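Peer 1: Below: one structure in structure tokens.
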Amino acid sequence: MTDYRDVTNSAKTHQDTAKEVVKYLFNFLKHPIEKIKHLPDWSWPVLIITLVAVSIISGVATGLVPPNFFRIMGGIIISPIVGVATTCIGALFIYYYFQVFEKRTCSLRKLFTLILLANIPFFIFQIGSEIIPPISLVGFAFTSMLMAVGLTENFQMQKRRAIRLVSIIFAIVFLLWLWNRIDISRLERLG
């Protein structure tokens, strides 16, 4: 009996994929504007694992500035859940925005990729948010800028509409952040 199995090493290993993702992320950190114009074509599992890993790294680093055991544990447990939830909500929001206002359907996976990569500056700036709370808004401003560029370059959205959409999202995030800061200051005064 003849064996006709393909024994070539054409399939990517998990290790090769991980190396590819890490290499892309380092290049993204060096040239975010250029890299956001050409999104990688990663599978759903790669996207979710990357988002969870970036969320955990950011959450743990946030817990280390200043060091706090409960914040570190929150970074390991809560950060990935919040990261995945907010990225899913953002991707679905923009997905349906395209269907309702742009009258077309875009790839949900590509939108998810855009939001994942655009959120990296926010994750980085979030690390210093315990010391300087408004710094998370600076990170989200960078995220917003990358989202506008990504929507324009990858989804052929008019630049003006992309800026308007991202500005509305930024305004919502700013109001939520402000509300949170007011609640925190009230709790500190009472406690």
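The values are calculated or read from the model by the stated rules, or taken from the named source; none is laboratory data. Everything numeric in this text was worked out from a predicted model, so none of it was measured. For neighbour counting, all protein chains shown are included, and Cβ atoms are generated from backbone atoms with ideal geometry for every residue, glycine included. For the accessible areas, the whole protein counts, side chains as well, though only heavy atoms, and no ligand, DNA or RNA atoms are used. Shrake-Rupley method; radii C 1.70, N 1.55, O 1.52, S 1.80 Å.
Peer 1: Any idea how many residues of the stretch 100-110 are without any contact (Cβ under 8 Å) to a residue 60 or more places away in the chain and more than 14 Å from Leu165 (Cα to Cα)?
Peer 2: Looking only at that region, the number is 6.
Peer 1: Does Val173 meet the test of being within 17 Å of the chain's Cα centre (by Cα) and open to solvent by 30 Å² or more (accessible area, probe 1.4 Å)? Spell out the reasoning first.
Peer 2: On the way: within 17 Å of the chain's Cα centre (by Cα): yes; open to solvent by 30 Å² or more (accessible area, probe 1.4 Å): yes.
When the stated conditions are applied, Val173 passes them.
Peer 1: Report yes if Cys88 is open to solvent by 10 Å² or more (accessible area, probe 1.4 Å), in a helix (DSSP H, G or I) and in contact with a Phe, Trp or Tyr (Cβ under 9 Å, 6 or more places away or on another chain), otherwise no.
Peer 2: Taking the combined requirement at face value, the residue satisfies it.
Peer 1: Please specify each residue of the stretch 23-42 satisfying the condition of being open to solvent by 60 Å² or more (accessible area, probe 1.4 Å) and outside any helix (DSSP H, G or I).
Peer 2: Across the stretch 23-42, the qualifying residues are His31, His38, Asp41.
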